[in-house]
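Colleague: Got a structure here, written out as structure tokens. Questions coming.
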Amino acid sequence: MRHEKATKLLDLARRLASSSEGLTLDEMAQAMEVGRRTAERMRDAVWSAFPQMEAIEDPPTRRFRIPSGLDSLFQTPTAEELAALRTAADSNATAGAEARAAALYALEGKLLSALKGSARRRVAPDVEALVQAETIAVHAGPRPYEDQAVLAEIRSAVKGLTALSFRYEGGSQPGRTRTVTPLGILFGRSNYLVSLEGASSRPRTFRLDRMSEVEALGRPASPPADFSLQAFADESFGIYHGEIEDVVLRIKPERAEDALRWRFHSNQIVTQGPDGVVTVAFRASGMLELAWHLFTWGDAIEIVSPQSLKTIMVEELEKALAAHRPG
């Protein structure tokens, strides 16, 4: 309706926030120059946007106000925002990311405790309804390891620009204690510390579940000024880094719709020809992980280049055939 435009609703919200005793429906209708029924609809729209609004009994009528004035007008979270926070926390918990899930649950608790009783009682049923109506699809794969003590030490070293020491049960020398310059953490199917070790300028990755005796040291260790964790992550299809190669894939028309919605890589270029074939091109390392992923597309995808990816795919298929071919 004409009177329910955003400017009119914001005007009403400001009036409700600036009134200490609140406004009745008749006063709203008079102030906004609308009928009582329209004033009711406008009140409900404002209440939906600002759940901190209060109803005050003032027999024989009721008054409405947004407490704490204009300063808190846009600070109260909506049911949709709180539900999104809960879903993110549940998603992390389901995936095994316990540390990040705990942080989000704690944030949710702080937000709810900061709400006034009336606003909390109004928004809580909607949050629960949304949470019950939205669930998380669990996909097969490793559960990421997240030990809060390990993450706390890594983050302490990152924030303090200090060196990090840990015992590592991986690599070519299992059990060796390493001292590194931490650069950041890559969260995914498995979680990795990205760091510099020794005189090498090439970042290395260490799996968090293979690290123990983690300690942030007092020795200064600053990352290179031009290092970008996002740029480093974008170099590879997955976690493993190697030589960066030009990848070109061709997807058959019957899977074109899927391919156009799929994200193979952050720097991909996707084109569709008149025959319906979709071509995807990007630069990345990590050909083994890419081959593992492309296997899920079956015969719908063709590797155009590089040759190394074709070779890896054939080798992995031959291993699978050898393991499953009847003896």
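Colleague: All but one of (1) among the aliphatic types (A, V, I, L, M); (2) touching a helix residue (DSSP H, G or I) at 6+ places or on another chain (Cβ under 9 Å); (3) at pLDDT 90 or above hold for LEU70, so report the exception by its number.
Modeller: Among (1) among the aliphatic types (A, V, I, L, M); (2) touching a helix residue (DSSP H, G or I) at 6+ places or on another chain (Cβ under 9 Å); (3) at pLDDT 90 or above, LEU70 violates only (3).
Colleague: Between a residue in the range 172-183 that is at negative phi and surrounded by fewer than 21 Cβ atoms within 10 Å (Cβ to Cβ) and any residue that is assigned to a strand (DSSP E or B) and basic (Lys, Arg), which pairs come within a Cβ distance under 7 Å, given they are 6 or more apart or on different chains?
Modeller: THR177/ARG167
Colleague: In addition: Of the residues that make up the range 250-264, is at least one open to solvent by less than 50 Å² (accessible area, probe 1.4 Å) and of a type outside the set (A, V, I, L, M, F, W, C)? Full working, then the answer.
Modeller: Narrowing the range 250-264 to residues open to solvent by less than 50 Å² (accessible area, probe 1.4 Å): 251, 256, 259, 264.
The next check asks that each one be of a type outside the set (A, V, I, L, M, F, W, C); those that pass are none.
The answer is no; no qualifying residue exists.
Colleague: Restricting the range 1-24 to residues that are free of Cβ contacts under 8 Å to residues at least 40 places away in the same chain and closer than 28 Å to LEU82 by Cβ, which is most open to solvent (accessible area, probe 1.4 Å)? Break it down into steps so the answer makes sense when it comes.
Modeller: Filtering the range 1-24 down to residues free of Cβ contacts under 8 Å to residues at least 40 places away in the same chain leaves 2-3, 5-8, 10-12, 15.
Next cut, closer than 28 Å to LEU82 by Cβ only: 5-8, 10-12, 15.
Details: LYS5: 121, ALA6: 70, THR7: 103, LYS8: 59, LEU10: 59, ASP11: 55, LEU12: 2, ARG15: 94 Å².
Restricting to residues being free of Cβ contacts under 8 Å to residues at least 40 places away in the same chain and closer than 28 Å to LEU82 by Cβ, the top hit is LYS5.
Colleague: In addition: When the range 209-226 is examined, which residues are found to be surrounded by 14 or more Cβ atoms within 10 Å (Cβ to Cβ) and modelled with pLDDT under 90?
Modeller: Correct list: ASP209 only.
Colleague: Of all residues being more than 16 Å from LEU23 (Cβ to Cβ) and surrounded by fewer than 18 Cβ atoms within 10 Å (Cβ to Cβ) in the range 39-58, which is modelled with the highest pLDDT? Just the residue, please. Steps first, answer last, please.
Modeller: First, the residues of the range 39-58 that are more than 16 Å from LEU23 (Cβ to Cβ): 48-49, 51.
Checking which are surrounded by fewer than 18 Cβ atoms within 10 Å (Cβ to Cβ) leaves us with 48-49.
Values: SER48: 84, ALA49: 80.
Restricting to residues being more than 16 Å from LEU23 (Cβ to Cβ) and surrounded by fewer than 18 Cβ atoms within 10 Å (Cβ to Cβ), the top hit is SER48.
Colleague: What's the number of the condition SER308 fails, among (1) in contact with a Leu (Cβ under 8 Å, 6 or more places away or on another chain); (2) surrounded by fewer than 18 Cβ atoms within 10 Å (Cβ to Cβ); (3) touching a residue at least 60 places away in the same chain (Cβ under 8 Å)?
Modeller: Checking SER308 against (1) in contact with a Leu (Cβ under 8 Å, 6 or more places away or on another chain); (2) surrounded by fewer than 18 Cβ atoms within 10 Å (Cβ to Cβ); (3) touching a residue at least 60 places away in the same chain (Cβ under 8 Å), the one that fails is (1).
Colleague: Shifting gears a bit: What number of residues in the range 152-191 are within 21 Å of ASP234 (Cβ to Cβ) and either in a loop (DSSP other than H, G, I, E, B) or in contact with a helix residue (DSSP H, G or I) (Cβ under 7 Å, 6 or more places away or on another chain) (or both)?
Modeller: 10
Colleague: Can you report the number of residues in the range 238-248 which are open to solvent by less than 50 Å² (accessible area, probe 1.4 Å) and at pLDDT below 95? Step through it out loud before you land on a result.
Modeller: Taking the range 238-248 and keeping what is open to solvent by less than 50 Å² (accessible area, probe 1.4 Å), we get 238-239, 242, 245, 247-248.
Still in the list and also at pLDDT below 95: 238-239, 242, 245, 247.
Here the count works out to 5.
Colleague: Now a separate question. In the range 272-300, what residues are assigned to a strand (DSSP E or B), closer than 27 Å to ALA231 by Cβ and open to solvent by 20 Å² or more (accessible area, probe 1.4 Å)?
Modeller: The answer is THR279, ALA281, ARG283.
Colleague: Considering only the range 195-238, state which residues are over 26 Å from ASP147 (Cβ atoms) and in contact with an Asp or Glu (Cβ under 7 Å, 6 or more places away or on another chain). Working first, answer last.
Modeller: Filtering the range 195-238 down to residues over 26 Å from ASP147 (Cβ atoms) leaves 199-202, 224-226, 228, 231, 234-235, 237.
Scanning the range 195-238 gives a single hit, PHE237.
Colleague: Against the condition modelled with pLDDT under 90, among the hydrophobic types (A, V, I, L, M, F, W, C) and within 15 Å of PRO203 (Cβ to Cβ), how does LEU151 come out, does it pass? It would help to see each step written out before you state the result.
Modeller: Numbers: modelled with pLDDT under 90: yes; among the hydrophobic types (A, V, I, L, M, F, W, C): yes; within 15 Å of PRO203 (Cβ to Cβ): no.
So LEU151 fails the test.
The values are calculated or read from the model by the stated rules, or taken from the named source; none is laboratory data. Being a predicted model, the structure only gives us computed values, none of them experimental. All Cβ positions, glycine included, derive from the backbone under ideal geometry; neighbour counts span all protein chains shown. Accessible surface is based on the protein model in full, side chains and every heavy atom, while ligands, DNA and RNA are left aside. Shrake-Rupley method; radii C 1.70, N 1.55, O 1.52, S 1.80 Å.
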